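Where a number appears in this text, it was derived from the coordinates with a stated rule and is not lab data. Because the structure is predicted, anything quoted here is derived from the model rather than measured. Backbone-built Cβ (ideal geometry, glycine too); neighbour counts: all protein chains shown.
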Ligand code: GLU
């Protein structure tokens, strides 16, 4: 049985892009006799608000979407995340990092001007604190510091051996922003050089989106992940983590981003284009389907 999920963060009102994601996942679950799950991604507590969570439930119901109860809220999963962070720390896959955004920008500034190399999480980490990696596994996870994945070490264990160099794979049934589809391959060199040592445990909340999403998709038995193309590159990180932790890799369907008339991606700040605003203007769920190009 296929298991689809929609995993919004309650940091603003849902817009057309969210409706598109949720409807695609819902339609896929319905037409395949599968399950549809809703997960509230509220690890970033200061940015999350109960009224936005309530609006998610109301908007989805209005759209005609039904989900299994109880809803998983990531804020209730924090101790299970810490357990995995500790395991990764003990296995010497993480290092503590003190660098501020400014330190990273300075250390990464190209000598000839130009722009630093950007990965899915911003500037690719220049490696400054990597030499602080826990070597003995004897001391506990440091508090008050970000913990980064040592990508090269992780790839050594997590990559699938291949004659042309070690690789990571996932199946894409939608497409990335450059039309990537089918069996997607990522080399360890790409992961190390273009993505780098990403943060797995933020200093403030002790976890990051990447680790939480991978753990919860596995915990909830998600078989199909439907989400925007902006997360296509980040999926390579997710596959590294899945292989490293012995978790299954779901099938991914990345979809087009819904843009405004100027071609700008919709943002949660744009309340005038929220699902709630359209509801209040008297539009119907069918109108929303048509606006995002789902006419069936
Ligand atoms: N919580 C993420 C967001 O609202 C979604 C992440 C995902 O679908 O993997 O953008």
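Tabulated values for the structure
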read-out: Zone residues, segment 20-57, relative to residue 173, backbone N less than 18 Å from point 7 Å out along Cα-to-Cβ; value: 20-38
read-out: Residue 180 paired with residue 79, simple spin-label distance in nm, labels 7 Å along Cα-to-beta-carbon; value: 3.8
read-out: Modelled FRET efficiency - R0 45 Å, residue 69 with residue 162, Cβ distances, 0.05 increments; value: 0.55
read-out: Distance (nanometres) between label positions extended 7 Å along Cα→Cβ at residue 204 and residue 272; value: 2.9
read-out: Ranked 5, 130, 259, 39, criterion: other C-beta atoms within 10 Å, fewest first; value: 259, 130, 39, 5
read-out: Two-decimal log10 I(q)/I(0) for the chain, as the Debye equation yields it once each C-alpha is a single scatterer, q = 0.10, 0.12, 0.13, 0.16 Å⁻¹; value: -0.59, -0.84, -0.98, -1.40
read-out: Estimated FRET transfer efficiency (residue 219, residue 115; beta-carbon r; R0 35 Å; 0.05); value: 0.40
read-out: Potential extension, residue 91-residue 194 segment - 0.36 nm per residue separation minus Cα distance; value: 34.7 nm
read-out: Rounded if a/c under 1.5, otherwise prolate or oblate - segment 103-197, Cα gyration tensor axes; value: oblate
read-out: Computed over segment 1-124, Kirkwood Rh from alpha-carbon pairs, angstrom; value: 17.7
read-out: Residue 280/residue 101 FRET efficiency (R0 51 Å; Cβ-Cβ; nearest 0.05); value: 0.85
read-out: Tilt relative to the chain, helix 234-245 - C-alpha long axis, 0 to 90 degrees, to 10; value: 60
read-out: Whole-angstrom gap from segment 86-109 to segment 12-85, using each part's C-alpha centre; value: 30
read-out: Helix-only mean residue ellipticity at 222 nm for the chain, each DSSP H run of n ≥ 4 adding -39500 (n - 2.57), per residue, nearest 500; value: -9500 deg cm²/dmol
read-out: Cα shape, segment 138-277, gyration tensor, a/c 1.5 rule; value: oblate
read-out: Rounded if a/c under 1.5, otherwise prolate or oblate - segment 184-255, Cα gyration tensor axes; value: rounded
